[in-house]
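Since the structure comes first, as structure tokens, the remarks are kept for the end.
The values are calculated or read from the model by the stated rules, or taken from the named source; none is laboratory data. Everything numeric in this text was worked out from a predicted model, so none of it was measured. Reconstructed Cβ throughout: ideal geometry from the backbone, glycine too, with neighbour counts over all protein chains shown. Side chains included, ligands, DNA and RNA excluded: accessible areas come from the protein's heavy atoms. Shrake-Rupley method; radii C 1.70, N 1.55, O 1.52, S 1.80 Å.
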Amino acid sequence: MHELAIAESVVQIASRHANGRRVTKVQLKVGHLRQIVPSALSFSFELVAQDTPVEGALLEMEVVPAVGLCRDCGTEGRLEGFPLHCRECGGFDLRVLRGEELFVEFLELEEESVKGKELTADG
């Protein structure tokens, strides 16, 4: 189950960038070709986030459809299933343009509270 390893990496990245603040949301971009099972990744994320600044954070995944360029006929189009092939000419010589992404797009962090110092309009 590669989702566990991915979840561990996501939690490490989020924790490092949180800089001591609590993470409330993690947004991922996941390419269709990564073959990730969303429910398995969500479960793994909750598991490995325990006792970290990411614990309790909402995990959202945006799935990026696979798109390729056929080197035979020049058609650009969605790649739906395996084996990957051109929907126009049936060729298999494709350059994948999108669908292999896997990255943390953004994090939402809890606001830092200022303690021990009263803030006034003039500083």
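For LEU59, work out the one condition from (1) part of a strand (DSSP E or B); (2) open to solvent by 70 Å² or more (accessible area, probe 1.4 Å) it doesn't fulfil. That leaves (2) as the condition not met. Going by the conditions given, is GLU46 of a type outside the set (Ser, Thr, Tyr), open to solvent by 30 Å² or more (accessible area, probe 1.4 Å) and not in a helix (DSSP H, G or I)? So GLU46 fails the test. For region 93-123, a residue qualifies if it is modelled with pLDDT under 90 and more than 29 Å from ALA14 (Cβ to Cβ), and the qualifying residues are GLU118, THR120, ALA121, ASP122, GLY123.
Of all residue pairs spaced 6 or more apart or on separate chains, those with beta-carbon atoms under 6 Å, a first member in region 78-91 that is within 19 Å of GLY31 (Cα to Cα) and a second member that is open to solvent by 80 Å² or more (accessible area, probe 1.4 Å) are HIS85/PHE92.
Please work out which residue is surrounded by the fewest Cβ atoms within 10 Å (Cβ to Cβ), limiting yourself to region 1-13 and to residues that are touching a residue at least 40 places away in the same chain (Cβ under 8 Å) and of a type in the set (A, V, I, L, M). Result: MET1. Regarding GLY90, is this residue at pLDDT 95 or above and outside any helix (DSSP H, G or I)? Taking the combined requirement at face value, the residue does not satisfy it. Of all the residues in region 29-42, those that are crowded, with 16+ Cβ neighbours inside 10 Å, of a type in the set (A, V, I, L, M, F, W, C) and assigned to a helix (DSSP H, G or I) number 2. Restricting attention to region 14-28, which residues are open to solvent by 60 Å² or more (accessible area, probe 1.4 Å) and touching a strand residue (DSSP E or B) at 6+ places or on another chain (Cβ under 9 Å)? Answer for region 14-28, where residues must be open to solvent by 60 Å² or more (accessible area, probe 1.4 Å) and touching a strand residue (DSSP E or B) at 6+ places or on another chain (Cβ under 9 Å): HIS17, ASN19, ARG21, ARG22.
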